[in-house]
Amino acid sequence: MKYIRKGKEPRSLKTYRSTPNANFDDINKEEIRSALLDEQGYLCAYCMQRISQERGRQFTNIEHYRSQHRHPKLALNFQNMLGVCTGNEGNPKHLLHCDKRKALYDNSVDLTVNPIDIRCEKAIQYLKDGTIYSNESRINKDLQETLSLNEQKLKENRRMAIKKALQNINAQQVKAGRRNKAWILAIILKEKSRWEKRDKLNKYTPYCQAVIFVLEKKIAQLEKK
């Protein structure tokens, strides 16, 4: 899960909110989706897989972090909106994830996993096998159960992204035939920087935060030696 810095709301949303009897169901959502995709780098706010405005498997749904049921006054608040994936909708329930999984749970309790809170990102960790977890019990419960972010395919996709980054680092080491600490640290930092950046289309690479976490851990280990 990558920290999202919320931007300004779309002008059309601000205008619509001031109209009588304004409600989320009747609003034109395309400009909202576009704004969410732009600020999130075209990644799902929860699982970090690619999302887009095109109808299909990667279509972007608009999620309310604070549910409309519990917080109706936030239904038209852009700061409460996230762009999320389709969450395996249409598959058996045990495969659902992200907001589709969240919808199966009791809405009487707010979610603790908040992509727009940098403190939450810092509380989340990853293993090389793609597992996402937290040492904070409430956050970990939401990761594992409420959002089901260790669903088999998601976990495997994170594992492959991490593996690709580590293979890139190893390939550079083999090609150069160099093993000294300073040089290895430099290529890891370069690889980390590559995963932190957006491409020319303003898109992050899917599952980038899992890779960044693993590389930061390797950097810390090297610096201790």
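What follows draws every value from the coordinates through simple rules; no lab data is involved. Since the model is a prediction, treat every value here as computed from it, not as a measurement. Glycine gets a Cβ as well: all are built from the backbone with ideal geometry, and neighbour counts include every protein chain shown.
Please compute the length gained on full extension between Asn91 and Asn135, using 0.36 nm multiplied by the number of residues separating them and subtracting their Cα-Cα distance.
On the way: separation 44, 0.36 × 44 = 15.84 nm, distance 3.02 nm.
Answer, rounded to one decimal: 12.8 nm.
Based on DSSP H runs of at least 4 residues, each adding -39500 (n - 2.57), what is the mean residue ellipticity at 222 nm of the chain after dividing by all its residues, to the nearest 500 deg cm²/dmol?
Working: 8 runs with 90 residues, N = 225.
It lands at -12000 deg cm²/dmol.
Once both axes come from the Cα atoms, what is the angle between helix 30-40 and the longest principal axis of the chain, in degrees from 0 to 90, rounded to 10?
On a 0 to 90 degree scale, this one is about 30.
Which of Asn157, Ala22, Cys120 sits closest to the plus end of the dipole of segment 11-169, meaning its Cα is farthest towards the positive end, when Lys and Arg get +1 and Asp and Glu get -1 on the C-beta?
Looking along the dipole axis, the top candidate is Asn157.
Hey, got the dipole for segment 1-160? About the Cα centre, +1 on K and R Cβ, -1 on D and E Cβ, debye to the nearest 20? Each step should come with its number before you reach the end.
Numbers: 28 positive and 21 negative charges, 50 e Å.
Dipole size: approximately 240 debye.
Using only the alpha-carbon atoms of segment 1-46, report the extent along each of the three principal axes, biggest first, to the nearest angstrom.
The principal-axis extents, from largest down, are 36, 18, 14 Å.
Give the residue from Tyr105, Met81, His71 lying farthest towards the positive end of the charge dipole for segment 35-123; charges sit on Cβ (+1 for Lys and Arg, -1 for Asp and Glu) and the dipole is referred to the Cα centre.
Result: Tyr105.
Order these peptides, 84-91, 30-37, by their mean beta-carbon neighbour count within 10 angstrom, highest first. Working shown, then result.
On the way: 84-91: 20.0, 30-37: 18.5.
With the highest mean Cβ count within 10 Å placed first, the list reads 84-91, 30-37.
Using Cα pairs under 8 angstrom and six or more residues apart, how large is the relative contact order of the chain, in percent? Walk me through the numbers before you get to the answer.
Numbers: 318 pairs, mean separation 44.6, N = 225.
This gives 20 percent for the chain.
For segment 85-184, what is the relative contact order in percent, using Cα pairs closer than 8 Å and at least 6 residues apart in sequence? Write out the running numbers ahead of the final one.
Details: 92 pairs, mean separation 23.0, N = 100.
Averaging sequence separation for qualifying contacts and normalising by length gives 23 percent for segment 85-184.
Which of the lysines could be linked to Lys73 by a straight reach, that is with a Cα gap under 23 Å, when you skip same-chain ones fewer than 8 residues away?
Within the straight-line limit of under 23 Å, Lys73 reaches these lysines: Lys6, Lys8, Lys14, Lys29, Lys100, Lys102.
Give the span of the chain's Cα atoms along each principal axis, as three whole-Å numbers ordered largest to smallest.
Principal axes ranked by extent give 68, 35, 31 Å for the Cα atoms.
Test of understanding: ordering His71, His64, His97 by Cβ neighbours within 10 Å, fewest first, what list do you get? Write down the numbers at each step before the final one.
On the way: His71 15, His64 19, His97 27.
Fewest-to-most ranking of His71, His64, His97: His71, His64, His97.
Expected output is a single nm value to one decimal: the length gained when fully extending between Asp117 and Ala22, i.e. 0.36 nm times separation in residues minus the C-alpha distance. What is it?
Extending this stretch completely gives an extra 31.4 nm.
For segment 69-84 and segment 10-29, compute the distance between their C-alpha centroids and round to whole Å.
A separation of 12 Å, based on Cα centres.
Please turn the phi angles of segment 12-18 into ³J(HN,Hα) values with the Karplus equation 6.51 cos²θ - 1.76 cosθ + 1.60 (θ = phi - 60°), one per residue in order, whole Hz, x for glycine and proline.
Values per residue, Gly and Pro as x: 5, 5, 4, 5, 5, 4, 8 Hz.
Specify the angular offset, from 0 to 90 degrees and rounded to the nearest 10, of the alpha carbon long axis of helix 181-196 from the longest principal axis of the alpha carbons in the chain.
Tilt of helix 181-196: around 20 degrees.
Using the 10 angstrom Cβ neighbour count as an exposure proxy, how do Glu151, Glu9 rank, fewest first? Write out the running numbers ahead of the final one.
Working: Glu151 20, Glu9 17.
Least to most surrounded, the residues fall as Glu9, Glu151.
Using r as the Cβ-Cβ distance of Gln79 and Asn170, and R0 as 30 Å, what FRET efficiency do you calculate, to the nearest 0.05? Working shown, then result.
Details: r = 42 Å, r/R0 = 1.40.
Efficiency computed from Cβ-Cβ geometry: 0.10.
How far, in nm, would the chain grow between Gln144 and Leu104 when pulled straight, counting 0.36 nm per residue and subtracting the alpha carbon separation? If you can, show how the numbers build up before the last one.
Working: separation 40, 0.36 × 40 = 14.40 nm, distance 1.37 nm.
Answer, rounded to one decimal: 13.0 nm.
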